[in-house]
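The values are calculated or read from the model by the stated rules, or taken from the named source; none is laboratory data. Values in this document were obtained by computation on a predicted structure and should not be read as measured data. As a convention, Cβ positions derive from the backbone with ideal geometry for all residues, glycine included, and neighbour counts pool all protein chains shown.
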Amino acid sequence: MTIPFQTGRYSVRFAACPADVVACQRLRHMCFFDAPGRDKDPFDARCRHVMVHASMARLVATMRLSAGPVTAGYAAQFYDVSALHALDVPMLEVGRFCIAPDVQDADVLRIAWGALTSYVDGLGVQILFGCASFAGSDPALYGRVLARLARYVGPHDLRPTPRVSTQPLASVVPAGCAPLPALLRTYLAMGGWVGSDLIIDPKMQTMHVFTCLEIAKIPAARARSLRALAQEAALS
């Protein structure tokens, strides 16, 4: 595993102390709530927190990773994931991914995926999963992309059953044209799939869909590109 690593003007490392975790929580709160504060929950204690810094100083992105039991993670609050759990293969839950609102550099997402690739390969992870979020709580804003997202619903024997009230993707009126979040777009480009329902989280004031990526199904060219990035960073 090559976290930490550095490439270009960005460096990636794991949180190494309580102050690092607090910094991640503060960035998350600014991203998800558009205000100063700390976004924290009991799941933070069982996760490893990834920090992406610009020029070795400013924290510009973060995400948290959990290799613990699928049924004990954040997503399991909202979804019955027993079908995935039954596969009994190494899995990694990816959550709370966010990039500072004023950072528009696409390289940040690319670097984060490169770091994640290194970690996944090191652990022999076969499945990535989590909740991909949409800002706000009005499905109509994303009507067109949510309607298209119904094409990416995963296999019936693997996709989770929602534990809370939901809106089926197939029932969304294709009206609003807000764009698909960048992270979810990347998951889909790599062969990922989503659950069949949209869940509204009133506490976070977000909406999310269950997202799953089977590592073996990532297109070969994309996998080579990500591993080359991870290797380049490891040699820097």
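Quick look at the values:
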| quantity | calculated |
| --- | --- |
| Residues satisfying the stated conditions in the range 174-230, i.e. of a type in the set (V, I, T) and touching a Leu at 6+ places or on another chain (Cβ under 9 Å) | T186, V194, V209, T211, I215, I218 |
| Residue within the range 35-44 that is modelled with pLDDT under 95 and at positive phi present | no |
| Residue match in the range 208-221 (condition: buried (at least 18 other Cβ atoms within 10 Å of the Cβ) and hydroxyl-bearing (S, T, Y)) | yes |
| Subset tally (residues that are out of contact with any strand residue (DSSP E or B) (no Cβ under 9 Å at 6 or more places or on another chain), closer than 23 Å to D39 by Cβ and in contact (Cβ under 8 Å) with a residue 40 or more places away in the chain) for the range 192-229 | 1 |
| Selection count where residues are of a type in the set (D, E) and under 17 Å from E214 (Cβ atoms), scope the range 66-117 | 2 |
| Residue among L59, L65, L27, L87 that is over 16 Å from V103 (Cα atoms), aliphatic (A, V, I, L, M) and either out of contact with any Lys or Arg (no Cβ under 8 Å at 6 or more places or on another chain) or in contact (Cβ under 8 Å) with a residue 60 or more places away in the chain (or both) | L87 |
| Those residues of the range 12-40 which are over 24 Å from S118 (Cβ atoms), of a type in the set (A, V, I, L, M) and part of a loop (DSSP other than H, G, I, E, B), in sequence order | A35 |
| Positions within the range 140-153 being in contact with a Gly (Cβ under 8 Å, 6 or more places away or on another chain) and surrounded by fewer than 23 Cβ atoms within 10 Å (Cβ to Cβ), in sequence order | A140, L141, G143, R144, Y152, V153 |
| Filter pass, A106 being surrounded by fewer than 14 Cβ atoms within 10 Å (Cβ to Cβ) and within 16 Å of the chain's Cα centre (by Cα) | yes |
| Single condition E232 does not satisfy, out of (1) outside any loop (DSSP other than H, G, I, E, B); (2) touching a residue at least 40 places away in the same chain (Cβ under 8 Å); (3) buried (at least 18 other Cβ atoms within 10 Å of the Cβ); (4) touching a helix residue (DSSP H, G or I) at 6+ places or on another chain (Cβ under 9 Å) | (3) |
| Residues of the range 164-191 satisfying the condition of being in contact (Cβ under 8 Å) with a residue 60 or more places away in the chain and closer than 20 Å to D80 by Cα | V164 |
| Residue match in the range 143-151 (condition: within 30 Å of V108 (Cα to Cα) and in contact with a strand residue (DSSP E or B) (Cβ under 7 Å, 6 or more places away or on another chain)) | yes |
